[in-house]
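**Q** The following block contains the structure, expressed as C-alpha cells.
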Amino acid sequence: MTTIQNFSDIQKTTTPELVELYNKITGNQIKKFSDRGTAEKRTWAVVEPTLTQTSVPPVEKQMPKATVAFKVYPKVEEPEQEPVEEIQEEYSIVTEEKPQATRRRMNFCFMPSEETREIREGSKRRRAFDMMNTPEGTTFNIIARTFNWSSQSAYECIRLIHLTAGWGIWSEYFSNGDINVRIVGKEEYLRLHKERKLKEEQQGK
C-alpha cells in the first residue's frame, strides 16, 4: 500500500485501497464509496489526524542532568595587622571596663487615696499581699514558686498590689539575687526611701 503523507498520496491510491484504509482507521466495514471524490475526501478526513499524531514517534522525555558550576575566586591575601599594643600607642586608645548595670528597684508612685481599692479576699493577689504583710515580709522567688508564676507575673502582681491598694512595697536585695519584699505604709515607705537614697549618695562620695 502506498505510504500516505499528504493529500497527493490519497489521490495516487486506488479506490479499493482507500476503502481498506478507511475501514482500518475507523473500524467500519464499508464495501465502497459512492464515487472517487467522496472516497478521497472521507479517507483524507480520517487519515489527516493520524498523521499529526504519528508523525513524530513518542519518545520518553528525559530531563537533562543538572550541572553545578563553581566559580573559583583567586585567594586574597589579608594584610598583616599591626600588634594591638602598637595601634593603641599610636592612636592613644584607652579601653575601659563598662560599669555593670544596676538592678531595677521596685520604686513606685503612690496613687491618690480615692483611686485605691481593697484587694479581693481569696484571690492570689490577696494571698501574696498576706505573705508580704508581715514584719519580715517574704521573698520574690517564694511568691513566684507559691503560685507557679514567672518572674514577670510575680513582679506584675506586686506592682498591682501597690497600684490598686495604695500600699508601699519595700524591697531589699540579697547577694544571691533574690529580693525581700514587705508591705509598708506610705509614710514608712517614703522614710525608708529617703534614708536609702541618702546612704547611696554618701557611699558615692
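**Q** Select from segment 36-72 the residues that are surrounded by 10 or more Cβ atoms within 10 Å (Cβ to Cβ) and of a type in the set (Ser, Thr, Tyr) and write down the one among them that is modelled with the lowest pLDDT.
**A** 50
**Q** Any chance you could count how many residues in segment 172-198 are within 19 Å of residue 130 (Cα to Cα), touching a Phe, Trp or Tyr at 6+ places or on another chain (Cβ under 8 Å) and outside any loop (DSSP other than H, G, I, E, B)?
**A** 9
**Q** Continuing with the same structure: Take segment 155-180 and flag every residue that is over 21 Å from residue 117 (Cβ atoms) and surrounded by 15 or more Cβ atoms within 10 Å (Cβ to Cβ). Break it down into steps so the answer makes sense when it comes.
**A** Filtering segment 155-180 for residues over 21 Å from residue 117 (Cβ atoms) gives 170-180.
Answer for segment 155-180, where residues must be over 21 Å from residue 117 (Cβ atoms) and surrounded by 15 or more Cβ atoms within 10 Å (Cβ to Cβ): 170, 171, 179, 180.
**Q** Can I ask one more? When you scan segment 25-35, how many residues do you find that are surrounded by 12 or more Cβ atoms within 10 Å (Cβ to Cβ) and of a type outside the set (A, V, I, L, M)?
**A** 2
**Q** With respect to residue 95, determine if the residue is part of a loop (DSSP other than H, G, I, E, B) and modelled with pLDDT under 80. Walk me through how you get there before you give the answer.
**A** Numbers: part of a loop (DSSP other than H, G, I, E, B): yes; modelled with pLDDT under 80: yes.
Against the criterion (part of a loop (DSSP other than H, G, I, E, B) and modelled with pLDDT under 80), residue 95 qualifies.
**Q** So, one more: For segment 98-141: of the residues being small (Gly, Ala, Ser) and modelled with pLDDT under 90, which is farthest from the chain's Cα centre (by Cα)?
**A** Per the criteria, the residue is 113.
**Q** Another question about this same structure. Please count how many residues of segment 1-23 are part of a helix (DSSP H, G or I) and either within 60 Å of the chain's Cα centre (by Cα) or within 14 Å of residue 42 (Cβ to Cβ) (or both).
**A** At the first step, the residues of segment 1-23 found to be part of a helix (DSSP H, G or I) are 7-12, 15-23.
Narrowing further to those that are either within 60 Å of the chain's Cα centre (by Cα) or within 14 Å of residue 42 (Cβ to Cβ) (or both): 7, 10-11, 15, 17-23.
Residues in segment 1-23 being part of a helix (DSSP H, G or I) and either within 60 Å of the chain's Cα centre (by Cα) or within 14 Å of residue 42 (Cβ to Cβ) (or both): 11 in total.
**Q** Same structure again: Can you list residue pairs whose Cβ atoms sit under 9 Å apart, with the first residue in segment 35-50 being farther than 11 Å from residue 25 by Cβ and among the acidic types (Asp, Glu) and the second being at pLDDT 90 or above and in a loop (DSSP other than H, G, I, E, B)? Count only pairs 6 or more apart in sequence or on different chains.
**A** 40/13; 40/33
The values are calculated or read from the model by the stated rules, or taken from the named source; none is laboratory data. Predicted model only: the values in this text are computed from it and were never measured. Because the Cβ atoms are built from the backbone with ideal geometry, glycine has one as well, and the counts that use them run over all protein chains shown.
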